[in-house]
1. THR131 - would you say it is part of a helix (DSSP H, G or I), within 22 Å of LEU60 (Cα to Cα) and among the hydroxyl-bearing types (Ser, Thr, Tyr)?
2. Quick one: in the stretch 142-166, of everything that is within 15 Å of the chain's Cα centre (by Cα) and of a type in the set (Ser, Thr, Tyr), which residue is nearest to GLY76 (Cα to Cα)?
3. Suppose we filter the stretch 79-107 for residues that are part of a helix (DSSP H, G or I), touching a Ser or Thr at 6+ places or on another chain (Cβ under 9 Å), touching a residue at least 40 places away in the same chain (Cβ under 8 Å) and of a type in the set (A, V, I, L, M, F, W, C); how many remain?
4. If you scan the stretch 183-197, which residues turn out to be loosely packed, with under 15 Cβ neighbours inside 10 Å and modelled with pLDDT of 95 or more?
5. Which pairs do you get when a residue that is basic (Lys, Arg), found in the stretch 173-202, comes within reach of a residue that is at pLDDT 95 or above and assigned to a helix (DSSP H, G or I), reach meaning Cβ atoms under 9 angstrom, with the pair 6+ apart or on two chains?
6. Can you tell me which of ALA152, ALA130 is under 26 Å from ALA201 (Cα atoms), aliphatic (A, V, I, L, M) and buried (at least 22 other Cβ atoms within 10 Å of the Cβ)?
7. Given GLU134, GLU169, which one is more than 21 Å from VAL95 (Cβ to Cβ), acidic (Asp, Glu) and more than 13 Å from the chain's Cα centre (by Cα)?
Amino acid sequence: MFFRSVVLASALGLCAAQAQAHSFKSGTDQYAQFLEGAGIILRYPEMLLPLLALGILLSLWHVEGMLRAWPAFLIGQMVGIGLAALVGPWITLAVLSAGLLTAMLVALLPRHIPIEAMALSLGVGLLVTATSLEGHGFLELPVFIYLGIVFATNLVTASAAAVARLAMERFPAAWMRILWRVAGSWLAAILTLFLAFSATAG
């Protein structure tokens, strides 16, 4: 199973483009601006994968884990938007490392604690929004781009948490939790290779 994870991650890594600061080009159309902001989260693995890992961890932690961690997650996103102008290309390695840590904790720990869930929610939220807006000053871009980024960030995480929660409620057995921990190990394998590719490309 680990071998298949590595093969899949290698294929994804070979298809990935070198990470660069994102330039926004949607013009004055507000709907296009919103979609462009959301697309940054949905198209780039360095944003998407850490959010998926976080969503799974939150539901493994508590049945209402996403709701309980949401305030910390939102605070992290707002701080990340404010700090985006101060970060450079290294932020990609930081967000991939945070995603890898999250996925490894999903895979390795049978139980999770509140401080772990809150700290990861804050950190991943901060790093994802800072990465998506790398180099752009606060409110330098149209508001709808920020709204798209925040919407997609929360949608991806909440969706991963909801799927994990519903599966564990439908099948309340130890093997279902184990399956989600296996999913964490797959994410960890993929993130490891993305991190290696990003480090060598930089």
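The values are calculated or read from the model by the stated rules, or taken from the named source; none is laboratory data. Values in this document were obtained by computation on a predicted structure and should not be read as measured data. Every residue, glycine as well, gets a Cβ built from its backbone with ideal geometry; the counts of neighbours run over all protein chains shown.
1. Details: part of a helix (DSSP H, G or I): yes; within 22 Å of LEU60 (Cα to Cα): no; among the hydroxyl-bearing types (Ser, Thr, Tyr): yes.
So THR131 does not fit the description; no.
2. If we take residues in the stretch 142-166 being within 15 Å of the chain's Cα centre (by Cα) and of a type in the set (Ser, Thr, Tyr), then THR153 is nearest to GLY76 (Cα to Cα).
3. Residues in the stretch 79-107 being part of a helix (DSSP H, G or I), touching a Ser or Thr at 6+ places or on another chain (Cβ under 9 Å), touching a residue at least 40 places away in the same chain (Cβ under 8 Å) and of a type in the set (A, V, I, L, M, F, W, C): 13 in total.
4. none
5. ARG177/LEU60; ARG177/MET168; ARG181/ILE56; ARG181/LEU60; ARG181/VAL106; ARG181/ALA107; ARG181/LEU108
6. Working: ALA152 fails: under 26 Å from ALA201 (Cα atoms).
So the residue among ALA152, ALA130 that is under 26 Å from ALA201 (Cα atoms), aliphatic (A, V, I, L, M) and buried (at least 22 other Cβ atoms within 10 Å of the Cβ) is ALA130.
7. Values: GLU134 fails: more than 21 Å from VAL95 (Cβ to Cβ).
The conditions single out GLU169.
Residues are listed down the side, and each one gets a yes or a no for (1) modelled with pLDDT under 95; (2) under 18 Å from LEU105 (Cβ atoms):
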site: ALA16; (1), (2): yes, no
site: HIS22; (1), (2): yes, no
site: GLN30; (1), (2): yes, no
site: LEU49; (1), (2): no, yes
site: LEU67; (1), (2): no, no
